[in-house]
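To start, the structure under review is shown below, and the notes come after it.
The values are calculated or read from the model by the stated rules, or taken from the named source; none is laboratory data. Just so you know, these numbers come straight off a predicted model, no measurement behind them. No Cβ is skipped: glycine too gets one built from the backbone with ideal geometry, and neighbour counts run over all protein chains shown. Keep in mind that these areas ignore ligands, DNA and RNA; they rest on the heavy atoms of the full protein, side chains included. Shrake-Rupley method; radii C 1.70, N 1.55, O 1.52, S 1.80 Å.
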Amino acid sequence: MTGLRNFFSLAAACFWLINAGNCWGLEPAVARPSTGAVVAKVNGKPLAYAQVSSDIDAKLAQMQHKYEVQLQQLTLGNARSRSELLENHIQDVVDQQVLGLEATARKSSLAGLLQSVKPRAVSEDQVHAFYESQQSQIGQPYDDVAPQIKQYLDKEAAAEAKDGYLRVLRKKYQAVVTWEPVREEIEALGPQRGPDNAVITIVEFSDFQCPFCGRMAPVLRALLKEYPTQVRLLFRNMPLTGVHPNAQKASEAAVCADQQGKFWSMHDLLYAEQNSLSADALKEKAKRLSLDSSAFDDCLDAGHGSATVKADVDAGEHLGIASTPASFLNGRFVGGALPLFQWRALVEDELERVARKATP
């Protein structure tokens, strides 16, 4: 860890000293010429930088922006990884201790206790329901992928059963993690599901063409159904256009639908049909949702939603988001598409923390 820490310290130093000296053996950055500086001569006539700058300034600005975004991702990503490592280690130590207490009480071993935990059986209906919810991402016939889906759901059920058992033991032995996780300042902006006075706010940065975002969409719907008064969800656009060419227009389509009060209907349909996000397909979806087709088409064609999408993307870049889905639960960073039981565990943990703070 010391070597890794030194590496990131050096990265920070390079950010501040890039114009003053070498970092990792690189030459100092070349200063941009002044507007009137002569950069060349042609047939004896001087060529000023101002005469060529229009061709290169935009590219230089793009390079600088890309550098700053990547540096932000590196810096915040490292901080989040360190925080996650620490939190997971604390949780693991607590779990080992309550398992040890239970093993002593039952005159058993830790392995024996865990082997006694029986996960719920995964039915064929559940396998088929998972396939239906992810069909646009899977793109294969049900019979070809059913065994793999069953295996995936079995593993998830086993992890859920283990997590539930450990939570029972924590309550039995009054184990509480008092260490406070890192929280980041997140603006509560975007279309909302759930009540304004919910004690838990989830801000999700998502991409409508991202398969993992599509997998998480029904999970978050189920979470809100389980906690209808305690949790609210705010959606922000983060189209990763470098890998998802249709994501930008899909985000704009959601903004256009929001202007007619149908954001969440469009949101759910976009994720349910991720394999059809062309401009024509987006307009067809608007018709199915009974939107004003003329107004929607004009909004989409003119790019009226692009400013809202850009504001979300800028916010995501400022937060160092490099992949989607990326969420913040009361400021706690949650990366990736977690299964429902892990979201439930996070919500329960947060509710317990809120209750402890409210208790004198």
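Hey, does the range 265-286 have a residue that's of a type in the set (Lys, Arg), buried (at least 20 other Cβ atoms within 10 Å of the Cβ) and not in a helix (DSSP H, G or I)? No: the range 265-286 contains no residue that is of a type in the set (Lys, Arg), buried (at least 20 other Cβ atoms within 10 Å of the Cβ) and not in a helix (DSSP H, G or I).
Scan the range 166-201 for residues that are of a type in the set (Ser, Thr, Tyr) and either more than 21 Å from MET238 (Cα to Cα) or not in a strand (DSSP E or B) (or both) and jot them down. Explain how you work it out, then say what you get.
Pass one, the range 166-201, residues of a type in the set (Ser, Thr, Tyr): 173, 178, 201.
If the condition is that a residue be of a type in the set (Ser, Thr, Tyr) and either more than 21 Å from MET238 (Cα to Cα) or not in a strand (DSSP E or B) (or both), then TYR173, THR178 are the ones that fit.
When the range 317-329 is filtered for residues that are open to solvent by 40 Å² or more (accessible area, probe 1.4 Å) and not charged (D, E, K, R), the ones remaining, listed by number, are HIS318, ALA322, SER323.
Number of residues in the range 342-360 that are of a type in the set (A, V, I, L, M, F, W, C) and either modelled with pLDDT of 95 or more or open to solvent by less than 20 Å² (accessible area, probe 1.4 Å) (or both): the value is 5.
Give the range 294-309 a look and list any residue that's closer than 13 Å to ALA250 by Cα and open to solvent by 10 Å² or more (accessible area, probe 1.4 Å), or say none. Let's see the steps before the verdict.
If we filter the range 294-309 for residues that are closer than 13 Å to ALA250 by Cα, which is where we start, we get 296-297, 299-301, 303-306, 308-309.
ASP297, ASP301, GLY303, HIS304, SER306, THR308, listed by residue number.
Of the residues making up the range 224-253, those that are over 18 Å from the mean Cα position of the chain (by Cα), buried (at least 19 other Cβ atoms within 10 Å of the Cβ) and in a helix (DSSP H, G or I) are LYS249, GLU252, ALA253. Quick one: how many residues across the range 45-71 are open to solvent by less than 100 Å² (accessible area, probe 1.4 Å), among the hydrophobic types (A, V, I, L, M, F, W, C) and within 36 Å of the chain's Cα centre (by Cα)? So the answer is 6.
From the list ASN88, ASN78, which one is at pLDDT below 95, over 27 Å from GLN209 (Cβ atoms), within 27 Å of the chain's Cα centre (by Cα) and open to solvent by 60 Å² or more (accessible area, probe 1.4 Å)? Step through it out loud before you land on a result.
Details: ASN78 fails: open to solvent by 60 Å² or more (accessible area, probe 1.4 Å).
So the residue among ASN88, ASN78 that is at pLDDT below 95, over 27 Å from GLN209 (Cβ atoms), within 27 Å of the chain's Cα centre (by Cα) and open to solvent by 60 Å² or more (accessible area, probe 1.4 Å) is ASN88.
Just one of VAL122, VAL93, VAL98 is within 28 Å of GLY336 (Cα to Cα) and touching a residue at least 24 places away in the same chain (Cβ under 8 Å); which is it? Give the derivation first.
Numbers: VAL93 fails: touching a residue at least 24 places away in the same chain (Cβ under 8 Å); VAL98 fails: within 28 Å of GLY336 (Cα to Cα).
So the residue among VAL122, VAL93, VAL98 that is within 28 Å of GLY336 (Cα to Cα) and touching a residue at least 24 places away in the same chain (Cβ under 8 Å) is VAL122.
Each residue in the range 309-360 was checked for being under 19 Å from LEU220 (Cβ atoms), β-branched (Val, Ile, Thr), outside any strand (DSSP E or B) and in contact with a Ser or Thr (Cβ under 8 Å, 6 or more places away or on another chain), and 1 of them qualify.
Which one is least open to solvent (accessible area, probe 1.4 Å) among residues in the range 175-193 that are closer than 30 Å to ARG120 by Cβ and modelled with pLDDT of 95 or more? Talk me through it step by step, then tell me what you get.
Our first condition is that a residue be closer than 30 Å to ARG120 by Cβ; within the range 175-193, this holds for 175-177, 181, 193.
The next check asks that each one be modelled with pLDDT of 95 or more; those that pass are 175, 193.
On the way: ALA175: 28, ARG193: 54 Å².
Ranking the candidates gives ALA175 first.
CYS256 passes every criterion in (1) under 19 Å from ASP312 (Cα atoms); (2) crowded, with 24+ Cβ neighbours inside 10 Å; (3) in contact with a Ser or Thr (Cβ under 9 Å, 6 or more places away or on another chain) apart from (3).
Considering the range 304-341 alone, what residues qualify as being polar (S, T, N, Q) and more than 11 Å from the chain's Cα centre (by Cα)?
Taking the range 304-341 and keeping what is polar (S, T, N, Q), we get 306, 308, 323-324, 327, 330.
Scanning the range 304-341 gives SER306, THR308, ASN330.
Can you tell me which of ASP207, ASP154, ASP196 is at pLDDT 95 or above, touching a helix residue (DSSP H, G or I) at 6+ places or on another chain (Cβ under 6 Å) and of a type in the set (D, E, K, R)?
ASP207
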